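A short write-up of the structure that comes next.
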Amino acid sequence: MIRLRPATEADAQGWSAFLAATASGDFLHDWAWAEVAAFDGQPQRRYVLEDEGAIVAIVAAQARKVFGGREFWYVPHGPVLDYDDPRAGDRMRALVIGLREVAGQHRAIAVKLEPRLERDSAALSAFHGRGLRRIDESLQVPHTRIVELPEDDDALLAGFDKDTRYSVRRAEREGVEVSVGADADQRAIDDLHDLVAETQARAGFPLPAVERYRIAWGALSAAGRATILEARREGELLASGMVVIEGDRSFYLFSGSRREERGEPKRFASYALQWAMMRLARSRGVRHHDLWGVSPPDAGPDHPWHGVGLFKKGFGGREVHWAGSWDLVVDPTLYRLRAATGIARGWLRGLRR
């Protein structure tokens with residue numbers, strides 16, 4: 001018998017084990033990520049799908065308040081289930097039926113499902129014929145690069161382009177050393193946030209509050225799934241980054257670096273940091289390292305992610321385009337009204353430009 005039910009604290013261990021073992025999941029469905037979602041004003045509503053008593057799917061829906069006390073649910077990189085299993089279609093059908101019921105009980109207008117599946121994946125058939133509305137967009141980063149981590153350093157380095165291999169070796173000659181920060185060390189996350197602020201300011205991007213970084217770090221490191229690495233030269237912090245590990249998958253989450261002053265030698269600290277991060281992840285059983293966000297393949301140098309995309313491309317791997325999202329509409333009238341309101345706001349913004 002397949003049934004959807006609310007997850008409780010007693011499910012935390014089983015939830016985490018299922019997430020670690022399932023390729024379609026990442027840290028956005030980590031049990032600890034609920035603390036970040038709550039800080040963002042989008043508390044999670046967690047559900048597990050059971051088949052004969054075993055967890056076969058998990059759903060962490062972030063509830064966003066909309067007009068009239070209603071909600072709009074968003075499931076980032078979920079539902080998480082084994083889409084390669086022959087029973088995936090039946091389980092997806094049960095999920096949709098169950099989610100429609102519980103979302104209605106909470107007065108949600110719709111549930112946006114955004115699975116961690118590639119655009120051309122055969123697994124997308126699980127979403128066909130379920131009464132879902134296909135949306136060709138992603139709220140998460142739509143493109144990324146995923147690097148396979150071979151067992152030895154030479155093979156890993158061979159996958160980098162020649163400029164990146166040079167930069168990794170040059171950083172070592174420049175005396176850059178990478179260390180692992182202590183778990184739950186607030187100094188490490190505050191220093192990382194400062195470097196991210198410097199990096200984001202150069203690119204003209206907005207910066208999340210330091211408290212959000214502290215919550216993410218505190219929750220994920222306490223669960224044993226996040227590590228901060230720091231690249232220094234002669235004691236000076238030049239680059240820092242956080243890696244999150246879920247099973248055999250790692251994710252390059254937050255990162256920042258100091259830009260050298262004019263006339264100052266380039267130290268290549270960010271290359272040393274990424275090299276060390278991949279090796280650390282591999283030592284902890286990771287096979288797939290997600291660089292978490294690059295510019296679209298047809299984007300030119302004017303794209304805001306062009307520079308970081310070139311940096312990440314140098315580490316090899318393959319570019320991945322996620323499939324987008326599907327809306328499970330619970331209240332068709334209010335769903336259409338919400339969509340029309342969004343279109344009107346976009347039209348008005350265009351007039352003001």
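The values are calculated or read from the model by the stated rules, or taken from the named source; none is laboratory data. Remember, predicted model here, so these are calculated numbers, not experimental data. Here the Cβ is made from the backbone with ideal geometry for all residues, glycine too, and neighbour counts use every protein chain on show. Protein only, heavy atoms only, side chains kept; ligands, DNA and RNA dropped before computing areas. Shrake-Rupley method; radii C 1.70, N 1.55, O 1.52, S 1.80 Å.
Using r as the Cβ-Cβ distance of Arg130 and Arg212, and R0 as 45 Å, what FRET efficiency do you calculate, to the nearest 0.05? About 0.85, to the nearest 0.05. Charge tally around Arg318: other residues with Cβ under 14 Å, Lys/Arg +1 each, Asp/Glu -1 each, net -1.
Calculate for the chain the 222 nm mean residue ellipticity that helices alone would give, adding -39,500 (n - 2.57) per DSSP H run of length 4 or more and normalising by residue count, nearest 500 deg cm²/dmol. Show your work: numbers first, answer last.
On the way: 10 runs with 127 residues, N = 353.
Theoretical 222 nm ellipticity from helices: -11500 deg cm²/dmol.
Averaged per residue, what accessible surface does the chain expose to a 1.4 Å probe, in Å²?
Result: 47 Å² per residue.
Taking the Cα centre of the range 203-316 as origin and charging only Cβ (+1 Lys, Arg; -1 Asp, Glu), how large is the dipole, in debye to the nearest 20? Please list the in-between numbers first.
On the way: 17 positive and 12 negative charges, 67 e Å.
For this selection, approximately 320 debye.
Would you mind checking the tilt of helix 332-352 against the longest principal axis of the Cα atoms of the chain, expressed as 0 to 90 degrees and rounded to 10? Orientation of helix 332-352: about 40 degrees from the principal axis. Our summary gives the chain a relative contact order of 22 percent, counting only alpha carbon pairs under 8 angstrom and 6 or more residues apart.
Please list, or write none, the lysines whose alpha carbon is within less than 23 Å of the alpha carbon of Lys112, excluding same-chain residues fewer than 8 places away. Lys112 reaches Lys65.
Each Lys or Arg adds one and each Asp or Glu subtracts one; over the other residues with Cβ under 13 Å from the Cβ of Pro6, this totals 0. Cross-link reach is defined here as a Cα-Cα straight distance under 24 Å, omitting same-chain residues fewer than 8 places apart; for Lys312 the lysines meeting it are Lys162, Lys266.
Restricting the calculation to Cα atoms, the range 192-262 yields a radius of gyration followed by a Dmax of 13.1, 43 Å.
So for Glu177, Glu230, what's the accessible-area order with a 1.4 Å probe, most first? Walk me through the intermediate numbers first.
Working: Glu177 135, Glu230 5 Å².
So, going from the largest accessible area down, we get Glu177, Glu230.
When the range 21-70 is described by a simple charge dipole with +1 on each Lys and Arg Cβ and -1 on each Asp and Glu Cβ, the residue from Ala61, Gly25, Val48 located farthest towards its positive end is Ala61.
Near Ile55, within a Cβ-to-Cβ distance under 12 Å, what is the net charge of the other residues, with Lys and Arg +1 and Asp and Glu -1?
On the way: positive: Arg3, Arg5, Arg46, Arg91; negative: Asp11, Glu50, Asp51, Glu52, Asp82.
Around Ile55, the charge tally is -1.
Kirkwood hydrodynamic radius computed over the range 9-111 comes to 14.0 Å, based on all pairs of distinct alpha carbons. What whole-number distance in Å separates the alpha-carbon centres of the range 1-56 and the range 198-259? Taking the Cα centre of each part, the range 1-56 and the range 198-259 sit 24 Å apart.
Matching the structure-derived Kirkwood radius over Cα pairs in Å against the labelled list (1) 21.7; (2) 23.1; (3) 19.8 gives the label (1). Rolling a 1.4 Å probe over the protein chains gives Asp40 an accessible area of about 60 Å².
Think of the chain as having a plus end and a minus end, set by charges on the Cβ of Lys, Arg, Asp and Glu; of Trp73, Val178, His193, Trp73 sits farthest toward the positive end of this dipole.
If you place +1 on the Cβ of every Lys and Arg, -1 on the Cβ of every Asp and Glu, and leave all else neutral, what size is the dipole of the chain about its Cα centre, to the nearest 20 Debye? Don't skip to the end; give the middle numbers.
Values: 50 positive and 51 negative charges, 293 e Å.
Roughly 1400 debye for the chain.
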